[in-house]
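In what follows, a structure is listed as C-alpha coordinates, so that the remarks can point back to it.
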Amino acid sequence: LDPRSFNERQRWEVARALHAGKPVILAVQNYEWDYQVTRQGRLNPTKRDENPGLNELLEQYGLGVSRDILMDESNFPLNIQMGNDLLAMLAPQAVSLPTHVLLTGQSMNSDTSITNRLSSILYLWGSALDINQDELTKHGLTSTTLMSTSDKAWTVPADAPIEGTYYEAPKTGLKSYPVMAMITGQFPDVYSGKERPKWDQPRQQRPDMPPPPEEGEATPVTPAPGKLLLVGGSEMFRKNFLEGANNIDLILNSVDAVSLDERLVEVRGMKQADRAIPKPTPGVRTFWKFVNYALGSIVIAAVGISVAAVRRNRRNAYTMNYAAE
(Lines give C-alpha, C1' and ligand atoms only; values in the text may rest on other atoms or scores of the structure.)
Protein backbone atom coordinates (compact mmCIF):
# COMPACT_ATOMS: atom_id res chain seq x y z
CA LEU A 1 0.00 0.00 0.00
CA ASP A 2 1.30 3.42 -1.07
CA PRO A 3 4.71 2.44 -2.52
CA ARG A 4 7.08 5.37 -2.93
CA SER A 5 10.24 5.77 -5.00
CA PHE A 6 10.66 2.08 -5.72
CA ASN A 7 14.12 1.30 -7.05
CA GLU A 8 15.12 -1.36 -9.56
CA ARG A 9 15.74 -3.99 -6.88
CA GLN A 10 12.30 -3.50 -5.35
CA ARG A 11 10.69 -3.81 -8.76
CA TRP A 12 12.73 -6.97 -9.33
CA GLU A 13 11.37 -8.45 -6.09
CA VAL A 14 7.75 -7.69 -7.07
CA ALA A 15 8.25 -9.20 -10.54
CA ARG A 16 9.84 -12.30 -9.02
CA ALA A 17 6.89 -12.74 -6.63
CA LEU A 18 4.41 -12.46 -9.51
CA HIS A 19 6.35 -14.92 -11.64
CA ALA A 20 6.39 -17.40 -8.74
CA GLY A 21 2.61 -17.22 -8.36
CA LYS A 22 2.53 -15.24 -5.13
CA PRO A 23 -0.59 -13.06 -4.81
CA VAL A 24 0.22 -9.34 -4.90
CA ILE A 25 -1.86 -6.29 -3.99
CA LEU A 26 -0.61 -2.93 -5.25
CA ALA A 27 -2.41 0.26 -4.22
CA VAL A 28 -0.49 2.99 -6.03
CA GLN A 29 -0.99 6.69 -5.20
CA ASN A 30 0.43 9.10 -7.78
CA TYR A 31 -0.60 12.37 -6.12
CA GLU A 32 -1.72 13.90 -2.87
CA TRP A 33 -3.27 17.33 -2.42
CA ASP A 34 -2.74 20.05 0.16
CA TYR A 35 -5.47 22.61 0.85
CA GLN A 36 -4.33 26.04 1.96
CA VAL A 37 -6.37 29.17 2.54
CA THR A 38 -5.23 32.51 1.13
CA ARG A 39 -5.52 35.80 2.98
CA GLN A 40 -8.64 36.53 0.97
CA GLY A 41 -10.24 33.38 2.41
CA ARG A 42 -10.09 31.38 -0.83
CA LEU A 43 -9.13 27.73 -0.99
CA ASN A 44 -5.83 27.09 -2.78
CA PRO A 45 -5.31 23.37 -3.60
CA THR A 46 -1.75 22.31 -4.44
CA LYS A 47 -0.70 18.96 -5.90
CA ARG A 48 2.18 16.93 -4.50
CA ASP A 49 3.82 14.14 -6.51
CA GLU A 50 4.32 10.82 -4.73
CA ASN A 51 6.51 9.12 -7.39
CA PRO A 52 5.68 5.45 -6.61
CA GLY A 53 8.12 4.17 -9.26
CA LEU A 54 6.07 1.11 -10.29
CA ASN A 55 4.91 2.03 -13.80
CA GLU A 56 8.30 0.97 -15.13
CA LEU A 57 7.42 -2.59 -14.09
CA LEU A 58 3.68 -2.57 -14.79
CA GLU A 59 4.16 -1.35 -18.36
CA GLN A 60 6.04 -4.55 -19.19
CA TYR A 61 2.82 -6.50 -18.55
CA GLY A 62 0.54 -4.04 -20.38
CA LEU A 63 -0.59 -2.23 -17.24
CA GLY A 64 -0.05 1.13 -15.64
CA VAL A 65 -1.42 3.82 -13.34
CA SER A 66 -2.29 6.93 -15.34
CA ARG A 67 -0.35 10.10 -14.58
CA ASP A 68 -3.35 12.25 -15.49
CA ILE A 69 -5.54 13.74 -12.76
CA LEU A 70 -8.81 11.83 -12.45
CA MET A 71 -12.01 13.81 -11.85
CA ASP A 72 -15.65 12.77 -11.61
CA GLU A 73 -18.99 14.50 -11.22
CA SER A 74 -19.76 11.79 -8.65
CA ASN A 75 -17.79 13.08 -5.66
CA PHE A 76 -18.08 13.57 -1.91
CA PRO A 77 -17.36 16.53 0.41
CA LEU A 78 -14.10 16.54 2.36
CA ASN A 79 -13.86 18.44 5.65
CA ILE A 80 -11.09 21.04 5.39
CA GLN A 81 -9.73 23.26 8.17
CA MET A 82 -10.09 26.75 6.67
CA GLY A 83 -7.64 28.62 8.88
CA ASN A 84 -5.48 28.27 11.98
CA ASP A 85 -7.77 29.74 14.61
CA LEU A 86 -9.80 27.78 17.14
CA LEU A 87 -13.07 28.25 15.25
CA ALA A 88 -11.59 26.76 12.08
CA MET A 89 -10.29 23.78 14.05
CA LEU A 90 -13.64 23.11 15.71
CA ALA A 91 -15.79 23.72 12.64
CA PRO A 92 -14.07 22.55 9.44
CA GLN A 93 -15.80 23.33 6.18
CA ALA A 94 -16.95 20.74 3.69
CA VAL A 95 -15.27 21.14 0.29
CA SER A 96 -16.54 19.22 -2.75
CA LEU A 97 -14.07 18.84 -5.61
CA PRO A 98 -14.17 16.37 -8.53
CA THR A 99 -10.90 14.84 -7.30
CA HIS A 100 -12.84 13.43 -4.30
CA VAL A 101 -14.24 10.60 -6.40
CA LEU A 102 -17.17 8.64 -4.98
CA LEU A 103 -17.51 5.12 -6.40
CA THR A 104 -21.04 3.73 -6.12
CA GLY A 105 -22.34 0.18 -6.30
CA GLN A 106 -23.52 0.80 -9.86
CA SER A 107 -19.92 0.97 -11.06
CA MET A 108 -18.65 -2.11 -9.18
CA ASN A 109 -18.37 -5.63 -10.55
CA SER A 110 -21.18 -7.69 -9.03
CA ASP A 111 -19.76 -10.98 -10.35
CA THR A 112 -16.76 -11.06 -7.98
CA SER A 113 -16.80 -11.64 -4.25
CA ILE A 114 -14.56 -8.62 -3.64
CA THR A 115 -17.02 -5.94 -4.73
CA ASN A 116 -20.41 -7.57 -5.21
CA ARG A 117 -21.94 -6.26 -1.93
CA LEU A 118 -20.16 -2.92 -1.60
CA SER A 119 -22.35 0.17 -1.88
CA SER A 120 -19.81 3.02 -2.04
CA ILE A 121 -16.08 3.68 -1.83
CA LEU A 122 -14.36 6.99 -1.03
CA TYR A 123 -11.72 7.09 -3.77
CA LEU A 124 -9.74 10.14 -2.67
CA TRP A 125 -7.18 11.60 -5.13
CA GLY A 126 -6.97 8.30 -7.00
CA SER A 127 -5.93 7.73 -10.62
CA ALA A 128 -7.31 5.69 -13.50
CA LEU A 129 -5.68 2.47 -14.67
CA ASP A 130 -4.09 2.04 -18.09
CA ILE A 131 -4.95 -1.47 -19.31
CA ASN A 132 -3.58 -2.64 -22.67
CA GLN A 133 -5.65 -5.72 -23.49
CA ASP A 134 -3.51 -6.65 -26.51
CA GLU A 135 -0.33 -6.63 -24.44
CA LEU A 136 -1.97 -8.66 -21.67
CA THR A 137 -3.22 -11.23 -24.17
CA LYS A 138 0.26 -11.54 -25.64
CA HIS A 139 1.56 -12.50 -22.19
CA GLY A 140 -1.36 -14.87 -21.54
CA LEU A 141 -2.86 -12.70 -18.80
CA THR A 142 -6.52 -11.96 -18.14
CA SER A 143 -7.81 -8.69 -16.70
CA THR A 144 -11.10 -8.22 -14.85
CA THR A 145 -12.24 -4.72 -13.94
CA LEU A 146 -13.56 -4.62 -10.37
CA MET A 147 -14.36 -0.92 -9.94
CA SER A 148 -14.85 2.00 -12.31
CA THR A 149 -15.81 5.64 -12.08
CA SER A 150 -19.19 6.90 -13.20
CA ASP A 151 -19.73 7.68 -16.87
CA LYS A 152 -19.35 11.39 -16.03
CA ALA A 153 -15.59 11.26 -15.37
CA TRP A 154 -12.72 12.97 -17.16
CA THR A 155 -8.97 13.47 -16.80
CA VAL A 156 -6.73 16.54 -16.74
CA PRO A 157 -3.04 16.45 -17.78
CA ALA A 158 -0.71 16.32 -14.81
CA ASP A 159 1.18 19.42 -15.94
CA ALA A 160 -1.94 21.56 -16.44
CA PRO A 161 -1.93 24.75 -14.31
CA ILE A 162 -4.50 24.84 -11.50
CA GLU A 163 -6.47 27.88 -12.54
CA GLY A 164 -9.65 28.99 -14.25
CA THR A 165 -11.72 26.04 -15.43
CA TYR A 166 -9.38 23.39 -14.00
CA TYR A 167 -12.14 21.64 -12.04
CA GLU A 168 -14.92 22.12 -14.60
CA ALA A 169 -16.07 19.12 -16.62
CA PRO A 170 -15.63 19.36 -20.41
CA LYS A 171 -18.74 19.45 -22.56
CA THR A 172 -17.68 16.30 -24.44
CA GLY A 173 -15.49 13.28 -23.76
CA LEU A 174 -16.95 12.22 -20.41
CA LYS A 175 -16.69 8.46 -19.83
CA SER A 176 -16.02 5.74 -17.28
CA TYR A 177 -12.45 4.86 -16.23
CA PRO A 178 -11.27 1.63 -14.53
CA VAL A 179 -9.69 2.19 -11.11
CA MET A 180 -9.31 -1.37 -9.77
CA ALA A 181 -8.60 -4.58 -11.67
CA MET A 182 -7.59 -8.16 -11.01
CA ILE A 183 -5.03 -9.68 -13.37
CA THR A 184 -4.62 -13.45 -13.36
CA GLY A 185 -2.46 -15.93 -15.24
CA GLN A 186 1.18 -16.88 -15.55
CA PHE A 187 3.15 -13.66 -15.23
CA PRO A 188 6.27 -13.68 -17.42
CA ASP A 189 9.77 -13.29 -16.02
CA VAL A 190 10.43 -9.77 -17.28
CA TYR A 191 13.97 -9.85 -15.83
CA SER A 192 14.92 -13.09 -17.57
CA GLY A 193 18.54 -13.00 -18.71
CA LYS A 194 19.35 -9.96 -16.55
CA GLU A 195 21.42 -9.81 -13.41
CA ARG A 196 19.71 -9.26 -10.10
CA PRO A 197 19.91 -5.55 -9.22
CA LYS A 198 21.69 -4.62 -6.03
CA TRP A 199 20.06 -2.88 -3.11
CA ASP A 200 20.63 0.85 -2.95
CA GLN A 201 23.16 1.73 -0.29
CA PRO A 202 22.20 4.25 2.41
CA ARG A 203 23.37 7.77 1.68
CA GLN A 204 25.02 8.28 5.05
CA GLN A 205 27.10 5.57 6.65
CA ARG A 206 29.11 5.66 9.83
CA PRO A 207 32.80 4.88 9.44
CA ASP A 208 32.46 1.86 11.73
CA MET A 209 29.55 0.33 9.79
CA PRO A 210 30.45 -3.01 8.24
CA PRO A 211 30.02 -3.44 4.50
CA PRO A 212 26.76 -5.08 3.35
CA PRO A 213 26.99 -8.89 3.19
CA GLU A 214 27.27 -10.65 -0.13
CA GLU A 215 23.92 -11.97 -1.35
CA GLY A 216 25.22 -14.68 -3.62
CA GLU A 217 23.42 -15.94 -6.67
CA ALA A 218 19.63 -15.59 -6.91
CA THR A 219 17.92 -18.92 -6.46
CA PRO A 220 15.57 -19.84 -9.33
CA VAL A 221 11.84 -19.93 -8.66
CA THR A 222 9.20 -22.29 -9.98
CA PRO A 223 6.75 -20.46 -12.27
CA ALA A 224 3.11 -20.63 -11.18
CA PRO A 225 -0.09 -18.75 -12.09
CA GLY A 226 -0.66 -15.77 -9.86
CA LYS A 227 -3.02 -12.91 -9.03
CA LEU A 228 -2.40 -9.18 -9.06
CA LEU A 229 -4.89 -6.74 -7.56
CA LEU A 230 -4.04 -3.29 -8.91
CA VAL A 231 -5.67 -0.17 -7.45
CA GLY A 232 -4.98 3.36 -8.67
CA GLY A 233 -5.01 4.87 -5.17
CA SER A 234 -4.06 4.14 -1.57
CA GLU A 235 -5.25 7.26 0.28
CA MET A 236 -8.66 5.61 0.74
CA PHE A 237 -7.04 2.96 2.98
CA ARG A 238 -5.83 5.44 5.56
CA LYS A 239 -7.36 5.32 9.02
CA ASN A 240 -9.46 8.46 8.48
CA PHE A 241 -11.32 6.86 5.56
CA LEU A 242 -11.54 3.20 6.57
CA GLU A 243 -14.59 3.87 8.72
CA GLY A 244 -16.38 5.71 5.91
CA ALA A 245 -18.38 3.97 3.19
CA ASN A 246 -17.08 0.40 2.61
CA ASN A 247 -13.35 1.08 2.40
CA ILE A 248 -12.45 -1.32 5.21
CA ASP A 249 -14.53 -4.10 3.64
CA LEU A 250 -12.75 -3.55 0.34
CA ILE A 251 -9.26 -4.10 1.74
CA LEU A 252 -10.38 -7.08 3.85
CA ASN A 253 -12.12 -8.67 0.87
CA SER A 254 -9.07 -8.10 -1.30
CA VAL A 255 -6.67 -9.75 1.14
CA ASP A 256 -8.98 -12.72 1.68
CA ALA A 257 -9.64 -13.23 -2.02
CA VAL A 258 -5.97 -13.36 -3.04
CA SER A 259 -4.48 -15.11 0.00
CA LEU A 260 -7.14 -17.47 1.36
CA ASP A 261 -10.41 -18.61 -0.19
CA GLU A 262 -13.05 -16.48 -1.89
CA ARG A 263 -15.71 -18.37 0.06
CA LEU A 264 -14.53 -16.50 3.17
CA VAL A 265 -15.35 -13.24 1.43
CA GLU A 266 -18.85 -14.51 0.76
CA VAL A 267 -19.31 -15.10 4.50
CA ARG A 268 -18.46 -11.45 5.19
CA GLY A 269 -20.91 -10.49 2.46
CA MET A 270 -23.78 -12.03 4.45
CA LYS A 271 -24.02 -8.94 6.62
CA GLN A 272 -26.67 -6.33 6.02
CA ALA A 273 -26.04 -4.44 2.81
CA ASP A 274 -26.04 -0.67 2.69
CA ARG A 275 -29.02 0.51 0.63
CA ALA A 276 -27.98 4.14 0.40
CA ILE A 277 -29.31 6.01 -2.60
CA PRO A 278 -26.43 7.12 -4.84
CA LYS A 279 -25.81 10.84 -5.09
CA PRO A 280 -27.52 12.24 -8.21
CA THR A 281 -25.53 14.16 -10.78
CA PRO A 282 -26.05 17.92 -11.23
CA GLY A 283 -28.13 17.26 -14.36
CA VAL A 284 -30.44 14.88 -12.50
CA ARG A 285 -30.82 17.33 -9.60
CA THR A 286 -31.71 20.14 -12.03
CA PHE A 287 -34.30 17.92 -13.72
CA TRP A 288 -36.10 17.04 -10.48
CA LYS A 289 -36.00 20.65 -9.29
CA PHE A 290 -37.71 21.59 -12.54
CA VAL A 291 -40.31 18.84 -12.03
CA ASN A 292 -41.07 19.90 -8.46
CA TYR A 293 -41.02 23.67 -8.81
CA ALA A 294 -42.01 24.44 -12.41
CA LEU A 295 -43.64 21.50 -14.15
CA GLY A 296 -46.83 21.55 -12.04
CA SER A 297 -47.40 25.26 -12.67
CA ILE A 298 -46.70 24.84 -16.37
CA VAL A 299 -49.23 21.98 -16.61
CA ILE A 300 -51.92 23.99 -14.77
CA ALA A 301 -51.28 27.03 -16.97
CA ALA A 302 -51.42 24.89 -20.13
CA VAL A 303 -54.73 23.30 -19.04
CA GLY A 304 -56.17 26.73 -18.23
CA ILE A 305 -55.11 28.18 -21.58
CA SER A 306 -56.53 25.15 -23.41
CA VAL A 307 -59.89 25.39 -21.58
CA ALA A 308 -60.08 29.14 -22.26
CA ALA A 309 -59.33 28.58 -25.96
CA VAL A 310 -62.01 25.88 -26.25
CA ARG A 311 -64.62 28.07 -24.51
CA ARG A 312 -63.77 31.01 -26.75
CA ASN A 313 -64.12 28.88 -29.87
CA ARG A 314 -67.49 27.59 -28.68
CA ARG A 315 -68.69 31.12 -27.88
CA ASN A 316 -67.62 32.35 -31.31
CA ALA A 317 -69.36 29.41 -33.00
CA TYR A 318 -72.59 30.09 -31.06
CA THR A 319 -72.45 33.78 -31.99
CA MET A 320 -72.00 32.97 -35.68
CA ASN A 321 -74.91 30.49 -35.66
CA TYR A 322 -77.18 33.00 -33.89
CA ALA A 323 -76.32 35.73 -36.38
CA ALA A 324 -76.95 33.37 -39.32
CA GLU A 325 -80.44 32.43 -37.98
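Couple of notes before you dig in:
- Check on ILE131, in contact with a helix residue (DSSP H, G or I) (Cβ under 7 Å, 6 or more places away or on another chain) and assigned to a loop (DSSP other than H, G, I, E, B): no
- Sub-9 Å Cβ pairs linking a first residue in region 1-27 that is on the phi > 0 side of the Ramachandran plot to a second residue that is among the hydroxyl-bearing types (Ser, Thr, Tyr) and surrounded by fewer than 18 Cβ atoms within 10 Å (Cβ to Cβ), at least 6 apart or interchain, are GLY21/THR222, ordered by first then second residue.
- Within region 175-201, the set of residues being assigned to a loop (DSSP other than H, G, I, E, B), at pLDDT 90 or above and either open to solvent by 50 Å² or more (accessible area, probe 1.4 Å) or in contact with a Ser or Thr (Cβ under 7 Å, 6 or more places away or on another chain) (or both) comprises SER176, TYR177, GLN186, ASP189.
- Each residue in region 105-119 was checked for being farther than 17 Å from GLY232 by Cβ and not acidic (Asp, Glu), and 8 of them qualify.
- Restricting GLN29, GLN36 to those that are under 26 Å from the mean Cα position of the chain (by Cα) and open to solvent by less than 30 Å² (accessible area, probe 1.4 Å) reduces the list to GLN29.
- Cβ-Cβ distances below 8 Å connect the following pairs, each with a first residue in region 91-114 that is more than 9 Å from PHE76 (Cα to Cα), a second residue that is small (Gly, Ala, Ser) and assigned to a strand (DSSP E or B), and a separation of six or more residues or different chains: LEU103/SER120; LEU103/SER148; THR104/SER120; GLY105/SER120; SER107/SER148; MET108/SER148.
- Complete set of residues in region 11-36 that are charged (D, E, K, R) and part of a helix (DSSP H, G or I): ARG11, GLU13, ARG16
- Conditions (1) within 30 Å of ARG42 (Cα to Cα); (2) surrounded by 11 or more Cβ atoms within 10 Å (Cβ to Cβ); (3) of a type in the set (Ser, Thr, Tyr); number of the one not met by THR145: (1)
- A residue that is farther than 30 Å from GLY283 by Cβ, of a type in the set (Ser, Thr, Tyr) and open to solvent by 30 Å² or more (accessible area, probe 1.4 Å) cannot be found anywhere in region 157-168.
The values are calculated or read from the model by the stated rules, or taken from the named source; none is laboratory data. Quick caveat: nothing in here was measured; it's all calculated off a predicted structure. With ideal geometry, Cβ positions are generated from the backbone for all residues, glycine too; neighbour counts draw on all protein chains shown. Keep in mind that these areas ignore ligands, DNA and RNA; they rest on the heavy atoms of the full protein, side chains included. Shrake-Rupley method; radii C 1.70, N 1.55, O 1.52, S 1.80 Å.
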